[in-house]
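Colleague: I'd like to ask some things about the structure below.
The values are calculated or read from the model by the stated rules, or taken from the named source; none is laboratory data. Only a predicted model underlies this, so the values are computations on that prediction, with no experimental measurement involved. Quick reminder, even Gly has a Cβ in these numbers, built from the backbone with ideal geometry, and neighbours come from all protein chains shown.
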Amino acid sequence: MSYQKILILPDAGPENPFQYEMIGFLRSHGFEIFIGKKRKLGSIYEAVNQFKPDIIYFDWVHSYIIGRTFSWSLTKSFFFILEILYLRFLIKIPIIHTLHNTQNHCGFWLPWERIIYAFFLRKCTKIRVYSETVREEIINKFRVLSSVIYVIQDIPYHHYYPNDVSKKESRAYFNINDHDFVFLFFGKIKEYKGLEELIRAFKKVQKSGNYLFIAGECLDSKYLSKLLKLTNNVPGIIWYNRFISKEEVQYFFNAANVIVLPFTRIDHSGSIDLAMSFKKPIITLKTGATEDLLNHQESLLFQNSGELKTCMTLAREIDLKEIGINNFKKADSGNYRDLLELFQKHNS
């Protein structure tokens, strides 16, 4: 037997395909889904009393814990703790959580965040992670019971994004030649994503016919200015500093030879999943989680930014098509249907 009325928190917005694919999947299996507002003190309490769900599902909770200042983080955390205690002990609603990353990307107030996040994880009925490596990490780091942790992949993005234009059509869209080589960075532009090192590495491998597309919105004008200064007078670097529409995404991926995601730290990345759904090889940071997922293309994983140039050079010499096909197979064969297991009443 399953819980039927699910409250999803926080609302990631209509531009986040991960959450909305999951919501559509659950609704297609008969669940009644409600979505709560985000980033407001007391918003969890308000949503619960408005929708009266059987169970609550949380995606990212770092925004409930961490603010720009430590005093604001204390205030947010105090409200968050009270709300979680209210859910578990007063109205006794089960909590399900997908752990995307074990810490906030900006690195704010990490010792404090670890304390509050550990408290939250130990109050969860079930926790979903993306790899066995992360599963073992949170058992050891946060002392979470192994019995509540499930390794379940995302619904593949090729169920969401259109993909009906060819490589030739995509390159014509950007006015580049068939024989040119295109590196693509795709996603929101933030400091932890390593754009500075990517630009420096591209300068070292740049030659005629090489392109680096940087596609995604940057909301930090100061950081964007810093990046633009690095790219001054560098031929081949093309910026698309804007939100990329659902219909346009396929043009970027189908024009690219290889995706470069030079994160400085990552546990899970929707951009990696997206690249796999478009049959693309991926240059990215080597972690336990990315090794689990991309072990068949380990030569494109770097341990430090100094190896990024080597990976980008190697990408021009190996069979990228075969790697891309294997990436797609792995994305498409994921166990995402096990998401339904999270909402079963046993083990709650």
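Colleague: Would you point out which residue out of Ala47, Ala12 is within 30 Å of Ser245 (Cβ to Cβ) and touching a Gly at 6+ places or on another chain (Cβ under 6 Å)?
Modeller: Selected residue: Ala47, the only one of Ala47, Ala12 that is within 30 Å of Ser245 (Cβ to Cβ) and touching a Gly at 6+ places or on another chain (Cβ under 6 Å).
Colleague: Still on this structure: Filter the range 158-187 down to the residues that are part of a loop (DSSP other than H, G, I, E, B) and touching a Gly at 6+ places or on another chain (Cβ under 8 Å), then identify the one that is surrounded by the most Cβ atoms within 10 Å (Cβ to Cβ). First the steps, then the outcome.
Modeller: We begin by selecting, within the range 158-187, every residue part of a loop (DSSP other than H, G, I, E, B); these are 160-166, 175-180, 187.
This time we only want the ones that are touching a Gly at 6+ places or on another chain (Cβ under 8 Å), so: 177, 179-180, 187.
Values: Asn177: 9, His179: 7, Asp180: 15, Gly187: 20.
Among residues in the range 158-187 that are part of a loop (DSSP other than H, G, I, E, B) and touching a Gly at 6+ places or on another chain (Cβ under 8 Å), the one surrounded by the most Cβ atoms within 10 Å (Cβ to Cβ) is Gly187.
Colleague: Kindly list the number of the only condition in (1) within 24 Å of the chain's Cα centre (by Cα); (2) closer than 25 Å to Leu340 by Cα that fails for Leu87.
Modeller: Evaluating Leu87 over (1) within 24 Å of the chain's Cα centre (by Cα); (2) closer than 25 Å to Leu340 by Cα leaves (1) as the failure.
Colleague: State which residue is surrounded by the fewest Cβ atoms within 10 Å (Cβ to Cβ) when the search covers only the range 43-70 and only residues that are among the β-branched types (Val, Ile, Thr) and either outside any helix (DSSP H, G or I) or free of Cβ contacts under 8 Å to residues at least 40 places away in the same chain (or both).
Modeller: Initial filter on the range 43-70 (among the β-branched types (Val, Ile, Thr)): 44, 48, 55-56, 61, 65-66, 69.
Next, from what is left, pick out any that are either outside any helix (DSSP H, G or I) or free of Cβ contacts under 8 Å to residues at least 40 places away in the same chain (or both): 55-56, 61, 66, 69.
Numbers: Ile55: 21, Ile56: 27, Val61: 25, Ile66: 23, Thr69: 10.
So the residue we want is Thr69.
Colleague: I'd like the full set of residues that are touching a residue at least 60 places away in the same chain (Cβ under 8 Å) and touching a strand residue (DSSP E or B) at 6+ places or on another chain (Cβ under 7 Å), limited to the range 196-237.
Modeller: Selection gives Leu198, Phe202.
Colleague: Hey, among the residues in the range 122-143 that are buried (at least 20 other Cβ atoms within 10 Å of the Cβ) and not in a helix (DSSP H, G or I), which one's modelled with the lowest pLDDT?
Modeller: Residue satisfying both the conditions and the ranking: Tyr130.
Colleague: Moving on. Under 8 Å by Cβ, and 6 or more places apart or on different chains, what pairs join a residue from the range 76-98 that is in contact (Cβ under 8 Å) with a residue 60 or more places away in the chain and closer than 26 Å to Trp109 by Cα with one that is among the charged types (D, E, K, R) and buried (at least 16 other Cβ atoms within 10 Å of the Cβ)?
Modeller: Here the result reads Ile96/Lys126; Ile96/Arg128, each pair linking the range 76-98 to a residue that is among the charged types (D, E, K, R) and buried (at least 16 other Cβ atoms within 10 Å of the Cβ).
Colleague: When you check Lys40 against the structure, is it on the phi > 0 side of the Ramachandran plot and free of Cβ contacts under 8 Å to residues at least 12 places away in the same chain, yes or no? Lay out the reasoning, then the answer.
Modeller: Values: on the phi > 0 side of the Ramachandran plot: no; free of Cβ contacts under 8 Å to residues at least 12 places away in the same chain: yes.
So Lys40 does not fit the description; no.
Colleague: A follow-up question, please. Can you find a residue in the range 204-211 that is under 25 Å from Gly270 (Cβ atoms) and not assigned by TED's automatic domain parsing to the domain that holds Gln19?
Modeller: Yes, because at least one residue in the range 204-211 is under 25 Å from Gly270 (Cβ atoms) and not assigned by TED's automatic domain parsing to the domain that holds Gln19.
Colleague: Would you tally the residues in the range 231-279 being within 21 Å of Asn210 (Cα to Cα), of a type in the set (Ser, Thr, Tyr) and assigned to a helix (DSSP H, G or I)?
Modeller: 2
Colleague: Kindly indicate whether Ser333 is surrounded by fewer than 16 Cβ atoms within 10 Å (Cβ to Cβ) and either at pLDDT below 90 or among the hydrophobic types (A, V, I, L, M, F, W, C) (or both). So that I can check it myself, show each step before the final result.
Modeller: Numbers: surrounded by fewer than 16 Cβ atoms within 10 Å (Cβ to Cβ): yes; either at pLDDT below 90 or among the hydrophobic types (A, V, I, L, M, F, W, C) (or both): yes.
Against the criterion (surrounded by fewer than 16 Cβ atoms within 10 Å (Cβ to Cβ) and either at pLDDT below 90 or among the hydrophobic types (A, V, I, L, M, F, W, C) (or both)), Ser333 qualifies.
Colleague: Out of all the residues in the range 99-121, which are buried (at least 18 other Cβ atoms within 10 Å of the Cβ), under 20 Å from the mean Cα position of the chain (by Cα) and aliphatic (A, V, I, L, M)?
Modeller: Those that are buried (at least 18 other Cβ atoms within 10 Å of the Cβ), under 20 Å from the mean Cα position of the chain (by Cα) and aliphatic (A, V, I, L, M): Leu99, Leu121.
Colleague: Please specify each residue of the range 188-226 satisfying the condition of being of a type in the set (Gly, Ala, Ser) and either outside any loop (DSSP other than H, G, I, E, B) or buried (at least 20 other Cβ atoms within 10 Å of the Cβ) (or both). So that I can check it myself, show each step before the final result.
Modeller: Residues of the range 188-226 of a type in the set (Gly, Ala, Ser): 194, 201, 208-209, 215-216, 221, 225.
Answer for the range 188-226, where residues must be of a type in the set (Gly, Ala, Ser) and either outside any loop (DSSP other than H, G, I, E, B) or buried (at least 20 other Cβ atoms within 10 Å of the Cβ) (or both): Gly194, Ala201, Ala215, Gly216, Ser221, Ser225.
Colleague: May I pose another question? Would you check if Gly67 is farther than 17 Å from Tyr117 by Cβ, among the small types (Gly, Ala, Ser) and either assigned by TED's automatic domain parsing to the domain that holds Phe108 or out of contact with any Leu (no Cβ under 8 Å at 6 or more places or on another chain) (or both)? Walk me through it before giving the result.
Modeller: Details: farther than 17 Å from Tyr117 by Cβ: no; among the small types (Gly, Ala, Ser): yes; either assigned by TED's automatic domain parsing to the domain that holds Phe108 or out of contact with any Leu (no Cβ under 8 Å at 6 or more places or on another chain) (or both): yes.
Answer is no for this residue.
Colleague: Could you list, in sequence order, all residues of the range 91-121 that are within 26 Å of Ile55 (Cβ to Cβ), outside any loop (DSSP other than H, G, I, E, B) and hydrophobic (A, V, I, L, M, F, W, C)?
Modeller: Within the range 91-121, Ile95, Ile96, Ile115, Ile116, Ala118, Phe119, Phe120, Leu121 meet the criteria.
Colleague: Also, quick follow-up: Among the numbered conditions (1) under 30 Å from Met276 (Cβ atoms); (2) assigned to a helix (DSSP H, G or I); (3) charged (D, E, K, R), tell me where Asp154 comes up short.
Modeller: Result: Asp154 passes all but (2).
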